[in-house]
Ligand code: NDP
């Protein structure tokens, strides 16, 4: 059985039977034959389906947003925004898919030589709970436009979202078998990945699981895209607009209760403005409204699971024991649900848990530095390399610093966020491959040379 628990109350929402081995076999067989048919469709037809998916998502936005909130605790406004962003991304690939997948002529000794983009087949999508609709849709929209099929192994705390996604694609008229959810335990994933009907795998989740899946997929020579953890630096230089930086910092760290791979996690601030920055940040954090995530006024909901709250509590405790200064928060909230107070730690040093480890919860770590070079050095002093932000009024200087940052994206004077138009992914232990944009749609294609004598 797969159980979903409401993290705001700790109470059971629903339980679902696992798919049996026979059901899993039937799902893979359906996906395999559906993909063969789908690959023969014109790219315009395939892309046009995504307009209907966008409409199906929007038609049930209220229901789907509520499901997200009830299963993983995100404030309802953020859940609604997640459905809208998923719909917009479908529309983006409906419009741009044909152009991205168009043949590319290349001059050679042939009378005609071209690069064409064929699908790979059925892609296994192993997805996390933190953006349960968005994470799947941002993979599935381009993958389907490119002619692939998708089987979704969702995180086991969001089974309702997994089935709702399957329904949204079906409501949109997606051919039977092309998009299906697998209700299985993590221990059964290896068997599915090894099945010859699976051509490739995409995983968004922890680095530990990424390594396991990458090792298995590598041994099978199956293509992988891995979007793993992050410990994004948010660098604030002395000449920055401090008020705007602090306001953005609060959003960058505390949206979704800090449970995002691209949340800003380490605030690396130049010493001479650090007191002002921390005071401003704390002012915004103190104003955050914590409570029932179904209440539209709420800005901080619970953590998605009890163990995730225990993890952040432990990281804060170890950092304080090592000398970090607790400015605000730092406690679990009494009562039902997995709530944790929004927390700011100052005077964090690079060897503390809050700086060394990924903090997947509402705790900001402020690290004070003397100069820009030290800021870059500490920003890179992590095993992760997903996103980074640089705040300064000297954009030319920021562009130079950006090239020295080991990250898949650097945002200057802005909040690191994914955008359907721009590629998204990491380096180092944050994974490899890219999602979104033109680069993302190419990941699950066979980049085929066509040569005519
Ligand atoms: P996991 O990496 O454990 O889970 C992500 C997905 O992988 C889920 O669908 C999970 O299924 C599946 N999975 C787990 N173990 C295996 C396995 N052995 N083989 C194949 N698939 C597997 O993340 P958690 O939910 O446990 O979160 C832990 C940490 O991961 C967070 O604290 C954060 O650091 C990071 N994380 C990063 C995310 C990102 O956006 N990059 C998103 C979520 C988490 P199941 O749920 O059934 O275990």
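The values are calculated or read from the model by the stated rules, or taken from the named source; none is laboratory data. This is a predicted model, so every value here is computed, not measured. Counting neighbours? That spans all protein chains shown, and the Cβs are built from the backbone with ideal geometry, glycine included.
Of all residues in segment 295-312, those that are crowded, with 17+ Cβ neighbours inside 10 Å and part of a loop (DSSP other than H, G, I, E, B) total 7. Is it the case, given these coordinates, that residue 416 is buried (at least 19 other Cβ atoms within 10 Å of the Cβ), touching a helix residue (DSSP H, G or I) at 6+ places or on another chain (Cβ under 6 Å) and modelled with pLDDT of 95 or more? No.
Kindly list the number of the only condition in (1) crowded, with 18+ Cβ neighbours inside 10 Å; (2) within 16 Å of the ligand (Cβ to nearest atom) that fails for residue 318. Of (1) crowded, with 18+ Cβ neighbours inside 10 Å; (2) within 16 Å of the ligand (Cβ to nearest atom), only one is false for residue 318: (1). Only a single item in (1) surrounded by fewer than 22 Cβ atoms within 10 Å (Cβ to Cβ); (2) more than 10 Å from the ligand (Cβ to nearest atom); (3) under 24 Å from the mean Cα position of the chain (by Cα); (4) in contact (Cβ under 8 Å) with a residue 40 or more places away in the chain is not met by residue 209, and it is number (2). The set of residues from segment 216-230 being within 21 Å of the chain's Cα centre (by Cα) and either within 11 Å of the ligand (Cβ to nearest atom) or surrounded by fewer than 20 Cβ atoms within 10 Å (Cβ to Cβ) (or both) comprises 217, 223, 226, 227, 228, 229, 230. The criterion of at least 2 residues that are in contact with a strand residue (DSSP E or B) (Cβ under 6 Å, 6 or more places away or on another chain) and on the phi < 0 side of the Ramachandran plot is met, among helices (runs of 4 or more DSSP H) falling completely within segment 1-99, by 21-40, 61-72. Listed by first and then second residue, the pairs linking a residue in segment 176-203 that is farther than 22 Å from residue 129 by Cα and in contact (Cβ under 8 Å) with a residue 60 or more places away in the chain to a residue that is within 10 Å of the ligand (Cβ to nearest atom) and assigned to a strand (DSSP E or B), with Cβ atoms under 9 Å apart and 6 or more places separating them unless they lie on different chains, are 195/124; 198/124; 199/124. Considering every residue within segment 117-131, establish whether at least one is more than 9 Å from the ligand (Cβ to nearest atom), closer than 21 Å to residue 32 by Cβ, out of contact with any helix residue (DSSP H, G or I) (no Cβ under 8 Å at 6 or more places or on another chain) and in contact (Cβ under 8 Å) with a residue 40 or more places away in the chain. Checked against the condition, which is being more than 9 Å from the ligand (Cβ to nearest atom), closer than 21 Å to residue 32 by Cβ, out of contact with any helix residue (DSSP H, G or I) (no Cβ under 8 Å at 6 or more places or on another chain) and in contact (Cβ under 8 Å) with a residue 40 or more places away in the chain, segment 117-131 yields at least one hit.
Where strands (runs of 3 or more DSSP E) sit wholly within segment 323-410, those with at least 1 residues that are over 23 Å from residue 308 (Cα atoms) occupy 363-369, 387-391.
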